[in-house]
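Just below is one structure, and these are the notes that go with it.
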Ligand SMILES: Cc1cc2nc3c(=O)[nH]c(=O)nc-3n(C[C@H](O)[C@H](O)[C@H](O)COP(=O)(O)OP(=O)(O)OC[C@H]3O[C@@H](n4cnc5c(N)ncnc54)[C@H](O)[C@@H]3O)c2cc1C
Ligand code: FES
């Protein structure tokens, strides 16, 4: 069992937890993820390693409450335990030789983008971060991004904080200004990553995206997380989760991502009904 040692709500739908998992903490790197099961008959869900403390043996996860399992996880408190917490899985972000990078995060994707920005910053890379949210009340990790970035731009769709607009707008302006990024790293909703790639392409800037398809085993055996990259089938869990954005078939990934929507809605309603009964 893996004990929760810290819990904080970052906004009404996003929660941060530090979990005691010394073996995972010992090896985890930015870009990798874990798979957890809240309880013995729960489903397995992947969450990115949002941070780690090797000395304390803890791993940080930041998750958005979107469905049944994340709602169940959010019911857990400090002192409670999680049944399974497996990792680190996937490949770490490639940082070799990067001197100047633009990190683009969207929504809860910022939780995944932050450790990447922090790692690059710690290696002496000049990090420009652009983070976007639907509105001010959904903003997360502003201070942490400020610390890790030489330049931080915050965007909101409705203009309630930072600048009004999409993350692709300041990115395009920066590229037009001649910012010579070695790489742009985009992490967020599929549609956001697709348009970040489209923005970068005319400038020929390498664009890395972090894919988060449905995952089941996380070990390359079930095929659940398959994607088409450069015309070939790849598994996000073992070949990724980061890929060259120019090569990813985003339209196919978006189609596959919507396949289980009805089942997920049902699981969420079931979990919510369970909590309602418990509080009555
Ligand atoms: C490598 C990877 C890293 C991720 N990191 C984070 C993170 O750091 N923070 C975060 O909030 N979310 C992250 N996700 C997404 C997270 O796994 C899903 O939000 C979670 O599984 C939802 O489960 P649920 O039962 O609450 O929701 P459900 O009702 O089951 O599903 C809601 C949505 O979550 C996604 N989802 C559901 N099950 C899975 C699954 N097994 N694998 C992948 N996606 C699924 C689907 O897109 C679905 O539309 C990551 C996904 C992957 C693949
Ligand atoms: S999750 Fe099963 S192959 Fe990737």
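Computed values, structure above
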| item | result |
| --- | --- |
| Rel. contact order, % - alpha carbon contacts under 8 angstrom, at least six apart, the stretch 100-257 | 19 |
| Rel. contact order, % - alpha carbon contacts under 8 angstrom, at least six apart, the chain | 17 |
| Over the stretch 2-89, relative contact order from alpha-carbon pairs under 8 Å, at least 6 apart, % | 40 |
| Fraction in percent of alpha-carbon pairs per bin - 10 Å, the stretch 100-257 | 11, 40, 34, 13, 1 |
| Calculated [θ] (222 nm, deg cm²/dmol) that DSSP helices of n ≥ 4 give over the chain, each run adding -39,500 (n - 2.57) | -9000 deg cm²/dmol |
| Calculated log₁₀ intensity ratio I(q)/I(0) where the Debye formula runs over C-alpha points of the chain, q = 0.08, 0.14, 0.15 Å⁻¹ | -0.32, -1.03, -1.19 |
| Estimated FRET transfer efficiency (residue 191, residue 151; beta-carbon r; R0 25 Å; 0.05) | 0.50 |
| For the stretch 2-89: rounded, prolate or oblate by the Cα gyration tensor [a/c cutoff 1.5] | rounded |
| Of 126, 247, 176, the one that fluctuates the most in a GNM where the chain has Cα springs shorter than 10 Å | 176 |
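Read-outs: derived from the displayed coordinates by stated rules, not from any lab. Here the structure is a predicted model, which means the values were calculated and not measured. Because the Cβ atoms are built from the backbone with ideal geometry, glycine has one as well, and the counts that use them run over all protein chains shown.
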